[in-house]
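Notes to accompany the following structure.
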Amino acid sequence: MSAAVSFAPRRGWSFRQPSVIPGFGLTLGFTLTYFSLIILIPLLALAIRSAGLGPEGFWKAATDARVLGSLRVSFVTALIAAGVNVVFGTLIAWVLVRYRFPGRRIFDAIIDLPFALPTAVAGIALTAIYAPNGTIGALFAPLGWRIAYTPSGIVIAMIFIGLPFVVRTIQPILEEVSHEVEEASATLGASRFQTITRIILPSLTPAILTGFALAFARGVGEYGSIIFIAGNIPFVSEIAPLLIYIRLQEFNYVGATVIATVMLLLSFALLFVINLIQAWSRRRYGYGSN
Amino acid sequence: MAATKLRARVHRRVSPTSESPLVQWTLIGIALLFMAVILLLPLYAVFHEAFVKGVGAFFAALGERDAQAAIRLTLLVAAIAVPLNVVFGLAASWAIAKFEFKGKAFLITLIDLPFSVSPVISGLVYVLLFGAGSFLGPFLKSYGIEVLFALPGIVLATIFVTFPFVARELIPLMQDQGTGDEEAALSLGANGWQTFWRVTLPNIKWGLLYGVLLCNARAMGEFGAVAVVSGKIRGQTTTMPLQVEMLYNEYNAAAAFALASLLALLALVTLVLKTALEWRFGDEIAAGGGH
């Protein structure tokens, strides 16, 4: 310990606090090297390629009609799916946390299925169900509503993959919401409905927003579960990740790089917003999911 | 009327901070119906479609040479990618949980970065790094090393998308446990490695297993990132999910679902083990848990 202290600069700033535990240099060095090789350098390669185009070339490629069309499809469908997931995800979290019913723990475990099931498997399964001759597709086909091979199919796939993000973000917060405030609200004469809408939902708002953002981000980037069910018609049901893939197949690396850069910037912005919500939630309510 | 109502209330113990049974069961019904349609039906569909042409066709599809090659490749890729991410996860959580240093919070955020990158982009970055027109690709090629459309590219893309799993499981767990045990071991004369193997590792073993499970499921099931770098050379660079796609696009749905059912089985086993770990060792896995 004395050695570590004497080597540390005694001025106000030091990189790390002294500790008796060994291995700091080795583990942090390995961590940073591995991170740089696997994540940082490849992402930098993308940034450099992008920057090499110059602002004008980048803007021209990014505002290509088909690119804008695919971004629009991705964002609109992801917004709708995240909206649906917020409604049902909140309900599911509420039911799982507050009520006791047979099979509750099994349903609780099943929530994570979209994390565990490979996206390609989910994709072909959803297509089989929602195709015009599938279990659910056949119910809607007589009404003239085709789900598979249309943007509706994209929304269905995004609901599937986004659901656990919403449930798993809200669940721990709901468990933390103290019963006393509900009791206080009830003794002060509030109806149950008022207690839920004015006391419980406001304290869940940060978690709901975070869940929405996570589900939305995942939906925008999703590829495997969507391409089978989407139909992939340019301007109608072609998602941005698919267009990146198509550009790569055409050896149009510039086109692929530009779409990827736009998507990355947007998802980093989302990540930033999520962090802001978390910080705000911690300040406002003293807890936040992390 | 009022009396029976009151008695019913007392009997069922409906408190003013709960909902009436009717409301409760309606909400439970809606939630379970939604989960059944969105989550369970696809799972059922995979197994149903896999056996739609009979058990014989199912095993014939799995016995195909290309299917066998895909299974072997998937196992090989996971066998390389998962241990590497375990070593990284252990190193990162040791550095982050056992020491206080500047920029720690930022480093934790960086580790989660791959989760916010679309899988297709995770593959694309390696195409840009090693593909035609890059600096590294032709250089390695002159030494006879193929990265793209070969095993190294598939492994790299898989490592990228599964990068955070082990680390983000271990960091909060080890932060929770603090440094007391390690300091005690060191003061009793153990060296760094002994402390790690005999004190730290036993403390985190269930959390580590939990992270490995999730990492492995994603590694074996990754599709988008691997699709970009694999080149999809039949029998050589097609992993199981890619083989599923190929069969499906060739209108061989039964064979596609047969192979997909193996992946679905893997997902189910992962879920069961994960849930068992949470029930049995909940406290020893993580304070936060989840994803």
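Could you run through the stretch A:212-263 and say how many residues are among the charged types (D, E, K, R) and either surrounded by fewer than 20 Cβ atoms within 10 Å (Cβ to Cβ) or under 24 Å from A:Pro164 (Cα atoms) (or both)?
3
Could you tell me whether the stretch A:47-61 includes any residue that is over 27 Å from B:Gly153 (Cα atoms), at pLDDT 95 or above, among the charged types (D, E, K, R) and outside any loop (DSSP other than H, G, I, E, B)?
Scanning the stretch A:47-61, I find no residue that is over 27 Å from B:Gly153 (Cα atoms), at pLDDT 95 or above, among the charged types (D, E, K, R) and outside any loop (DSSP other than H, G, I, E, B), so the answer is no.
Take the residues in the stretch A:79-101 that are modelled with pLDDT of 95 or more and open to solvent by 50 Å² or more (accessible area, probe 1.4 Å); name whichever of them is nearest to the other protein chains (Cβ to nearest Cβ).
Top of the filtered list is A:Phe88.
Pick from B:Arg234, B:Arg198, B:Arg218: which is within 22 Å of A:Ile161 (Cβ to Cβ), among the charged types (D, E, K, R) and open to solvent by 20 Å² or more (accessible area, probe 1.4 Å)?
Being within 22 Å of A:Ile161 (Cβ to Cβ), among the charged types (D, E, K, R) and open to solvent by 20 Å² or more (accessible area, probe 1.4 Å) holds for just one of B:Arg234, B:Arg198, B:Arg218, which is B:Arg218.
For B:Lys232, all conditions in the list (1) part of a helix (DSSP H, G or I); (2) closer than 17 Å to B:Val155 by Cβ; (3) in contact with a Ser or Thr (Cβ under 6 Å, 6 or more places away or on another chain) hold save one; what is the number of the exception?
Answer for B:Lys232: the failing condition is (1).
Under 6 Å by Cβ, and 6 or more places apart or on different chains, what pairs join a residue from the stretch B:141-169 that is modelled with pLDDT under 95 with one that is open to solvent by less than 20 Å² (accessible area, probe 1.4 Å) and aliphatic (A, V, I, L, M)?
Qualifying pairs under 6 Å: B:Leu148/B:Val229.
Go through (1) farther than 17 Å from A:Ile92 by Cβ; (2) within 12 Å of chain B (Cβ to nearest Cβ); (3) of a type in the set (A, V, I, L, M) one by one and return the number of the condition A:Ile196 breaks.
(1) is the only condition that A:Ile196 fails.
Any idea which residue in the stretch B:26-55 is surrounded by the most Cβ atoms within 10 Å (Cβ to Cβ), counting only those that are touching a helix residue (DSSP H, G or I) at 6+ places or on another chain (Cβ under 7 Å) and outside any helix (DSSP H, G or I)?
The extreme case among them is B:Lys53.
For the stretch B:131-159, how many residues meet the condition of being more than 25 Å from B:Cys215 (Cβ to Cβ) and of a type in the set (A, V, I, L, M, F, W, C)?
Matching residues across the stretch B:131-159 total 6.
Identify the single condition in (1) buried (at least 22 other Cβ atoms within 10 Å of the Cβ); (2) more than 10 Å from chain A (Cβ to nearest Cβ); (3) free of Cβ contacts under 8 Å to residues at least 40 places away in the same chain that B:Ile285 does not satisfy, given that it satisfies every other one.
(3)
Do we have any residue at all in the stretch B:107-122 that's more than 30 Å from A:Ile259 (Cβ to Cβ) and of a type outside the set (D, E, K, R)?
Looking through the stretch B:107-122, none of the residues is more than 30 Å from A:Ile259 (Cβ to Cβ) and of a type outside the set (D, E, K, R).
The rows are residues; the columns are (1) over 17 Å from A:Ile159 (Cβ atoms); (2) without any contact (Cβ under 8 Å) to a residue 12 or more places away in the chain; (3) of a type in the set (Val, Ile, Thr).
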{"position": "A:Ala190", "(1), (2), (3)": "yes, yes, no"}
{"position": "A:Phe212", "(1), (2), (3)": "no, no, no"}
{"position": "A:Phe216", "(1), (2), (3)": "no, no, no"}
{"position": "A:Val220", "(1), (2), (3)": "no, no, yes"}
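Just checking, how many residues over the stretch B:263-279 are open to solvent by less than 40 Å² (accessible area, probe 1.4 Å) and among the charged types (D, E, K, R)?
Final tally of qualifying residues: 1.
Determine, yes or no, whether B:Leu129 is within 21 Å of the chain's Cα centre (by Cα) and open to solvent by 20 Å² or more (accessible area, probe 1.4 Å).
no
Looking only at helices (runs of 4 or more DSSP H) that lie completely in the stretch A:128-211, which have at least 1 residues being surrounded by 23 or more Cβ atoms within 10 Å (Cβ to Cβ)?
A:151-176
Only one of (1) facing chain A (nearest Cβ under 8 Å); (2) under 29 Å from B:Met246 (Cβ atoms); (3) assigned to a helix (DSSP H, G or I) fails for B:Ala95. Which number is that?
(2)
Conditions tested, residue by residue: (1) closer than 22 Å to A:Ala78 by Cβ; (2) touching a His at 6+ places or on another chain (Cβ under 9 Å); (3) among the β-branched types (Val, Ile, Thr).
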position	(1), (2), (3)
A:Ile196	no, no, yes
A:Pro202	no, no, no
A:Leu209	yes, no, no
A:Gly219	yes, no, no
A:Asn232	yes, no, no
A:Phe235	yes, no, no
A:Glu250	no, no, no
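Restricting to the stretch B:220-235, name every residue that is more than 10 Å from chain A (Cβ to nearest Cβ) and over 22 Å from B:Leu128 (Cα atoms).
If the condition is that a residue be more than 10 Å from chain A (Cβ to nearest Cβ) and over 22 Å from B:Leu128 (Cα atoms), then B:Arg234, B:Gly235 are the ones that fit.
For the stretch A:227-240, which positions are closer than 20 Å to A:Ile129 by Cα and more than 10 Å from chain B (Cβ to nearest Cβ)?
A:Ile229, A:Ala230, A:Gly231, A:Asn232, A:Ser237
Can we say A:Val76 is under 18 Å from B:Leu27 (Cβ atoms) and more than 8 Å from every other protein chain (Cβ to nearest Cβ)?
Against the criterion (under 18 Å from B:Leu27 (Cβ atoms) and more than 8 Å from every other protein chain (Cβ to nearest Cβ)), A:Val76 does not qualify.
Which ones in the stretch B:242-255 are touching a residue at least 24 places away in the same chain (Cβ under 8 Å), open to solvent by less than 10 Å² (accessible area, probe 1.4 Å) and facing chain A (nearest Cβ under 9 Å)?
The one that is touching a residue at least 24 places away in the same chain (Cβ under 8 Å), open to solvent by less than 10 Å² (accessible area, probe 1.4 Å) and facing chain A (nearest Cβ under 9 Å): B:Leu242.
Collect the residues in the stretch A:114-146 that are hydrophobic (A, V, I, L, M, F, W, C) and touching a residue at least 24 places away in the same chain (Cβ under 8 Å), keeping them in residue-number order.
Answer for the stretch A:114-146, where residues must be hydrophobic (A, V, I, L, M, F, W, C) and touching a residue at least 24 places away in the same chain (Cβ under 8 Å): A:Phe115, A:Ala120, A:Ala122, A:Ile124, A:Leu126.
The values are calculated or read from the model by the stated rules, or taken from the named source; none is laboratory data. This structure is a prediction, so every number in the text was calculated from the model and none was measured. In this analysis, Cβ positions are derived from the backbone assuming ideal geometry, glycine residues included, and neighbour counts consider all displayed protein chains. Accessible surface is based on the protein model in full, side chains and every heavy atom, while ligands, DNA and RNA are left aside. Shrake-Rupley method; radii C 1.70, N 1.55, O 1.52, S 1.80 Å.
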